[in-house]
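Worksheet: one structure, shown below.
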Amino acid sequence: MQAVFIGYDIPEALEVKWEIIMPELDKKYKRIQYEGDEVHIIAGDFTGEPDIKFIEDLVFAYNTDRQINLTLDVFELDEPSILDNDVKVLVEDIQDSSDCWETTVLGAREFLMNQWDYNDYETEEEMYRHMYEMETADYEELFERLAGIDYTMDKIEEA
């Protein structure tokens, strides 16, 4: 999984970053806090090089048009530490407490992703967007998405 960080050098570049570039990237990519900075995740099988090229072109266009120096850093993201995939959890049906099982956050994520079928989407783009959002959801977001289908998830404290 990769992430991108947009840097800047002058106040006008800062304004372009926060008022134009970041909101534009928010439309397609998940923004997270990472080591004190805000970065966007480029993740999964549905994105990759075309996404990086799009962001590079966007930064280049604003640098050229505004004569500023936004920078783009692309780096590998330590996925487990960001998404807590190895954390053990108890997943439970809110309507039927006998329907529960122990798994990991990754297992809960896979369970959630398997609740939708290709036919549940109007377009392929909508399906890829939804899968991307579930794939990159942090713990709290995953908890909320599970609640949306009447399930809950609690961390299992290791002794």
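The values are calculated or read from the model by the stated rules, or taken from the named source; none is laboratory data. Just so you know, these numbers come straight off a predicted model, no measurement behind them. Cβ coordinates were reconstructed from backbone atoms using ideal geometry, including for glycine residues, and neighbour counts include every protein chain displayed.
So here's what we get for this one:
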{"quantity": "Leading residue by the ranking (modelled with the lowest pLDDT) among those in region 34-83 that are surrounded by 12 or more Cβ atoms within 10 Å (Cβ to Cβ) and hydroxyl-bearing (Ser, Thr, Tyr)", "calculated": "Thr47"}
{"quantity": "Neighbours by Cβ (under 9 Å, 6+ apart or cross-chain): first from region 69-83, of a type in the set (A, V, I, L, M) and in a strand (DSSP E or B); second modelled with pLDDT under 85 and surrounded by 14 or more Cβ atoms within 10 Å (Cβ to Cβ)", "calculated": "Val74/Gln2; Val74/Ala3; Val74/Ile42"}
{"quantity": "Of all residues in region 85-105 being modelled with pLDDT of 90 or more and of a type in the set (A, V, I, L, M), the one that is surrounded by the most Cβ atoms within 10 Å (Cβ to Cβ)", "calculated": "Val89"}
{"quantity": "Of the criteria (1) in contact with a strand residue (DSSP E or B) (Cβ under 8 Å, 6 or more places away or on another chain); (2) at pLDDT below 90, which one Ala108 fails", "calculated": "(2)"}
{"quantity": "Contacts under 6 angstrom Cβ, first residue in region 134-159 being of a type in the set (Phe, Trp, Tyr), partner not in a strand (DSSP E or B), 6 or more apart", "calculated": "Tyr139/Asp84"}
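For (1) within 15 Å of Ala147 (Cα to Cα); (2) assigned by TED's automatic domain parsing to the domain that holds Lys30; (3) in contact (Cβ under 8 Å) with a residue 60 or more places away in the chain, each residue gets a yes or a no:
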| residue | (1), (2), (3) |
| --- | --- |
| Leu90 | yes, no, yes |
| Trp101 | no, no, no |
| Ala108 | yes, no, no |
| Glu124 | no, no, no |
| Met127 | no, no, no |
| Met131 | no, no, yes |
